[in-house]
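Comments concern the structure below.
The values are calculated or read from the model by the stated rules, or taken from the named source; none is laboratory data. In this text, all values refer to a predicted model and were calculated from it rather than measured experimentally. Quick reminder, even Gly has a Cβ in these numbers, built from the backbone with ideal geometry, and neighbours come from all protein chains shown.
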Amino acid sequence: MGAQPIQAITREKLRPLYEAAAGPSLNFLMDLIAQPATCTAWYWEDGTEAVASAWFSHVAGEGELIDIRVAENKRRTGLAGSLLNFALGELVGVGVTVCRLEVRQSNYAARGLYEGLGFETVGQRPNYYRVQEGREDAILMAVNLEAMSNS
Ligand SMILES: CC(C)(COP(=O)(O)OP(=O)(O)OC[C@H]1O[C@@H](n2cnc3c(N)ncnc32)[C@H](O)[C@@H]1OP(=O)(O)O)[C@@H](O)C(=O)NCCC(=O)NCCS
């Protein structure tokens, strides 16, 4: 069990995580990691099963979390926290000093996860996401990784 880099060969392994899931499609994400200079991703393997994945873009010291998800039957076991901690450590190792993300206002699970890892709210995009009835805001969050690695 542990974090592994996502490569083209991992696509089939990741498919169950992305079936019927909201958010970016697996095809979109796999296209991103075709540019390894600016996109890095990891998945968490439990036995032979991929149970979590996290995808980042990074340019000139700035990282952005593009997507993170955990298999429904594995949630609330600390997996997302472990994977994000691992990934942020790896990004620091390649010179990333700040990581940003955006999250739906109503996604309290994800917001709790990010806050627990030291992300702070730095802005809001009103009516950014489409929802069934209307729209909802995006919350913009960021963490200073220099502060984290020096503490
Ligand atoms: C958000 C998500 C990645 C969390 O994964 P997870 O492995 O269950 O999270 P963890 O077990 O590491 O939880 C870490 C912290 O996040 C918060 N959290 C996670 N799930 C939560 C929930 N359902 N309700 C409230 N807080 C929650 C808690 O603060 C938790 O710490 P605690 O268990 O000590 O209270 C998972 O729910 C998921 O895949 N959701 C669907 C995809 C998604 O929304 N991704 C984020 C896109 S921005």
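Kindly indicate whether residue 45 is of a type in the set (Asp, Glu) and loosely packed, with under 13 Cβ neighbours inside 10 Å. Spelling it out, it is not the case that residue 45 is of a type in the set (Asp, Glu) and loosely packed, with under 13 Cβ neighbours inside 10 Å. Taking the stretch 59-81, which residues are more than 14 Å from the ligand (Cβ to nearest atom) and surrounded by fewer than 18 Cβ atoms within 10 Å (Cβ to Cβ)? 59, 60, 61, 62 - these are the residues of the stretch 59-81 that are more than 14 Å from the ligand (Cβ to nearest atom) and surrounded by fewer than 18 Cβ atoms within 10 Å (Cβ to Cβ). Sub-7 Å Cβ pairs linking a first residue in the stretch 82-108 that is more than 20 Å from residue 70 (Cα to Cα) to a second residue that is surrounded by fewer than 16 Cβ atoms within 10 Å (Cβ to Cβ) and of a type in the set (Ser, Thr, Tyr), at least 6 apart or interchain, are 92/149, ordered by first then second residue.
Can you confirm whether the stretch 121-135 contains a residue that is within 16 Å of residue 4 (Cβ to Cβ) and more than 17 Å from the chain's Cα centre (by Cα)? Within the stretch 121-135, none of the residues are within 16 Å of residue 4 (Cβ to Cβ) and more than 17 Å from the chain's Cα centre (by Cα). When the residues of the stretch 5-15 are filtered to those that are loosely packed, with under 14 Cβ neighbours inside 10 Å and not aliphatic (A, V, I, L, M), the one that is nearest to residue 78 (Cα to Cα) is 5. So is residue 52 surrounded by 13 or more Cβ atoms within 10 Å (Cβ to Cβ), of a type in the set (A, V, I, L, M, F, W, C) and either within 12 Å of the ligand (Cβ to nearest atom) or over 14 Å from the mean Cα position of the chain (by Cα) (or both) or not? For residue 52, the condition - surrounded by 13 or more Cβ atoms within 10 Å (Cβ to Cβ), of a type in the set (A, V, I, L, M, F, W, C) and either within 12 Å of the ligand (Cβ to nearest atom) or over 14 Å from the mean Cα position of the chain (by Cα) (or both) - is met.
Annotation: of all residues in the stretch 39-49 being in contact (Cβ under 8 Å) with a residue 40 or more places away in the chain and assigned to a strand (DSSP E or B), the one that is farthest from the ligand (Cβ to nearest atom) is 40.
Scanning the stretch 3-33 for residues that are in contact (Cβ under 8 Å) with a residue 40 or more places away in the chain and either at positive phi or part of a loop (DSSP other than H, G, I, E, B) (or both) gives 6, 21, 23, 24.
Residue count for the stretch 107-126, restricted to those that are out of contact with any helix residue (DSSP H, G or I) (no Cβ under 7 Å at 6 or more places or on another chain), closer than 15 Å to residue 142 by Cβ and near the ligand (Cβ under 6 Å from one of its atoms): 1.
So is residue 36 away from the ligand (no atom under 13 Å from the Cβ), loosely packed, with under 14 Cβ neighbours inside 10 Å and touching a residue at least 12 places away in the same chain (Cβ under 8 Å) or not? Spelling it out, it is not the case that residue 36 is away from the ligand (no atom under 13 Å from the Cβ), loosely packed, with under 14 Cβ neighbours inside 10 Å and touching a residue at least 12 places away in the same chain (Cβ under 8 Å).
The residues of the stretch 41-57 that are at pLDDT below 95 and either over 19 Å from residue 11 (Cα atoms) or out of contact with any Lys or Arg (no Cβ under 9 Å at 6 or more places or on another chain) (or both) amount to a single one, 47.
A count restricted to the stretch 12-26 and to residues that are away from the ligand (no atom under 11 Å from the Cβ) and over 19 Å from residue 57 (Cα atoms) stands at 6. Per this entry, residue 104 is not counted among residues that are out of contact with any Lys or Arg (no Cβ under 7 Å at 6 or more places or on another chain), within 13 Å of the ligand (Cβ to nearest atom) and closer than 26 Å to residue 10 by Cα.
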